[in-house]
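The values are calculated or read from the model by the stated rules, or taken from the named source; none is laboratory data. All of these numbers come straight from a predicted model, not from anything done at the bench. Cβ placement follows ideal geometry from the backbone for every residue including glycine, while neighbour counts extend to all protein chains displayed.
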């Protein structure tokens, strides 16, 4: 039934071309197999002159269930799938119409159509779906009585620890953690006159499914399968002016988010305080953002320069009704000071870029950008109720975070010789914040680059530079008010000195049948003024890409790369000086190879692609001179794709495909953690990814019109 529902969800606008093409394939294929098809005309094709299309009709079979394999692809369950797709084009007397369809039988379907008349008008329509699959090994005792309420089984027996849940085993039921996103797009443009044009774009997006949130009950907690039901509308309208060297655009952008689930209420599975048999969480509130932008560009031929600018003013609002402090009837906490937050954030953006070529060998660029986020939300005093269990008796102010950021960039390039070009640049960023430990922060970066094109087939580029991030001071009093150790420095607010370098080389000799690409990247970050927090980070990356042409119809490629990321941090167990150190080491490797053979037996093409990647993370905590090694985090992915294309005739191609993917992970955070393994947390019992999946496919591609 699930596959039937998928097929029925195919956009109706896609059916005419596909249906006729399918009729052509299945009704004419036997005759075409024995006939001269060079001038073939299908009697069932009612398409006009100037129209051509390729339509794919086929099926796939998936060997096993695997949530992650189906993430974005739609192949998450074992069984058969119908594959429909293709593309078509029509052009006549300046008018054109194009359509494209892919994977219409899957949850990852895409359909697009666009058309118009060159220089007059245009339009586009589109529909797409994207599946997000996280876990299919999870289970829960909660049942959704509604989109906003989770209830326990009627025979549930609460306990203070998960080991006391006597009805757990009989109450668990499978619950996949997954969601789907559907997007509908539409737009048009109109050339109103020789200088003015109008444009409009609209995007409606919906997301539904099951996500994970955690619900706390003082010292205990539960993983909750919350219902997702989001809607987002994006609108972009504007007018553009173009006349010779001057281009201008005035546009309005609107984003409107709606959450059809306002809150989540759940039964507490643990023994609770009186009145705390249920808990409640607010969900993402409805909100909107609108912005007006003026942008343009001017080409100054006499100055050999291009000047581009943009200016935007926007405002975000959030006026969702607030929930009461608690649903616990035994707690007297009063009412919130406001019925809704009346949140408001003003944004301002300015940008100016000047690119100039003062003489033939030189090019310079100057860019400036200003961004401001001014949070106009008023501060109010709010009472604290701890997880619907008791009132803290404390009041807190909400924090309307704001910032101003300015960035200035200057760069230039000069051709020293015919084969050597040098360039350099400088960037300055100033950042000011409200209600954070660092109020003012500056970052200065400088870089240089040399590019040597020794011959037409050898190109070498080397780039390096440094960056220094300074802070005016770290407000330890403000940090202490947040409950932080005054010696702690957050990595994004701390002093940082960075060194980086990059080397790339491309070898493409025209007289030899191979090409080579090499790249190496190095970056080192030092947080030398941080007593606690991140202190060092180092990144090293290397990759190789090799292509070799065996003959006019055969080629192979090899790719490979390694990346290492090391980081160190200091922490304290005594809210004072460092008492422990943690070292993180991430290693990633990837290798791949491919083969392409064309015109085997004059009618067959073969392609083979293979990829292998692995990664590992080791964490060592050293406390009081004793090493405490965490189990390594590991992952290994192996992928193989084989495709055979057979040209049955000038109009009919047959594709055979084979895909294999194997993915294994080791994650100590969830491995062996059953719903009752943690004494005070009821979990979903998710397993690390471990699957091997085969996908077999066959499809027929039929050509309508001229190839």
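Test residue 198 against the criterion of being crowded, with 16+ Cβ neighbours inside 10 Å, over 30 Å from residue 161 (Cβ atoms) and touching a strand residue (DSSP E or B) at 6+ places or on another chain (Cβ under 9 Å), and give yes or no. Even if it seems obvious, please write down each step before you answer.
Numbers: crowded, with 16+ Cβ neighbours inside 10 Å: no; over 30 Å from residue 161 (Cβ atoms): yes; touching a strand residue (DSSP E or B) at 6+ places or on another chain (Cβ under 9 Å): yes.
Against the criterion (crowded, with 16+ Cβ neighbours inside 10 Å, over 30 Å from residue 161 (Cβ atoms) and touching a strand residue (DSSP E or B) at 6+ places or on another chain (Cβ under 9 Å)), residue 198 does not qualify.
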Give the residues of segment 498-514 that are touching a strand residue (DSSP E or B) at 6+ places or on another chain (Cβ under 7 Å) and at pLDDT below 95, sorted by residue number. 508, 513, 514
Selection count, segment 539-565, where residues are surrounded by fewer than 16 Cβ atoms within 10 Å (Cβ to Cβ) and under 22 Å from residue 619 (Cβ atoms): 3
Give just the number: which of (1) buried (at least 16 other Cβ atoms within 10 Å of the Cβ); (2) in contact with a helix residue (DSSP H, G or I) (Cβ under 8 Å, 6 or more places away or on another chain); (3) within 30 Å of residue 65 (Cβ to Cβ) does residue 678 not satisfy? (1)
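Does segment 328-354 hold any residues that are within 30 Å of residue 262 (Cβ to Cβ) and in a strand (DSSP E or B), and which are they? Write out each step before concluding.
Residues of segment 328-354 within 30 Å of residue 262 (Cβ to Cβ): 328-347.
Selection gives 340, 343, 344, 345, 346, 347.
Given 153, 225, which one is touching a helix residue (DSSP H, G or I) at 6+ places or on another chain (Cβ under 6 Å), closer than 18 Å to residue 269 by Cβ and either without any contact (Cβ under 8 Å) to a residue 60 or more places away in the chain or assigned to a strand (DSSP E or B) (or both)?
On the way: 225 fails: touching a helix residue (DSSP H, G or I) at 6+ places or on another chain (Cβ under 6 Å).
Testing whether each residue is touching a helix residue (DSSP H, G or I) at 6+ places or on another chain (Cβ under 6 Å), closer than 18 Å to residue 269 by Cβ and either without any contact (Cβ under 8 Å) to a residue 60 or more places away in the chain or assigned to a strand (DSSP E or B) (or both) leaves just 153.
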Checking residue 188 against (1) in contact (Cβ under 8 Å) with a residue 24 or more places away in the chain; (2) surrounded by fewer than 18 Cβ atoms within 10 Å (Cβ to Cβ); (3) under 26 Å from residue 327 (Cβ atoms), which single condition isn't satisfied? (3)
Considering only segment 239-327, give the strands (runs of 3 or more DSSP E) lying wholly within it that have at least 1 residues that are in contact with a strand residue (DSSP E or B) (Cβ under 6 Å, 6 or more places away or on another chain) and closer than 30 Å to residue 355 by Cα. 246-259, 287-300, 305-318
Residues (assigned to a strand (DSSP E or B) and over 15 Å from residue 539 (Cβ atoms)) located in segment 560-582: 560, 569, 570, 571, 580, 581, 582
Condition test on residue 424, is it free of Cβ contacts under 8 Å to residues at least 40 places away in the same chain and more than 25 Å from residue 576 (Cβ to Cβ)? yes
Do we have residue 509 as part of a loop (DSSP other than H, G, I, E, B) and touching a residue at least 40 places away in the same chain (Cβ under 8 Å) here? yes
Among the residues listed as 137, 128, the single one being within 29 Å of the chain's Cα centre (by Cα), buried (at least 17 other Cβ atoms within 10 Å of the Cβ) and assigned to a loop (DSSP other than H, G, I, E, B): 137
Report every pair of residues separated by at least 6 positions or lying on different chains whose Cβ atoms are under 8 Å apart, first residue within segment 430-459 and at positive phi and in contact (Cβ under 8 Å) with a residue 12 or more places away in the chain, second surrounded by 16 or more Cβ atoms within 10 Å (Cβ to Cβ) and not in a strand (DSSP E or B). 435/400; 435/402
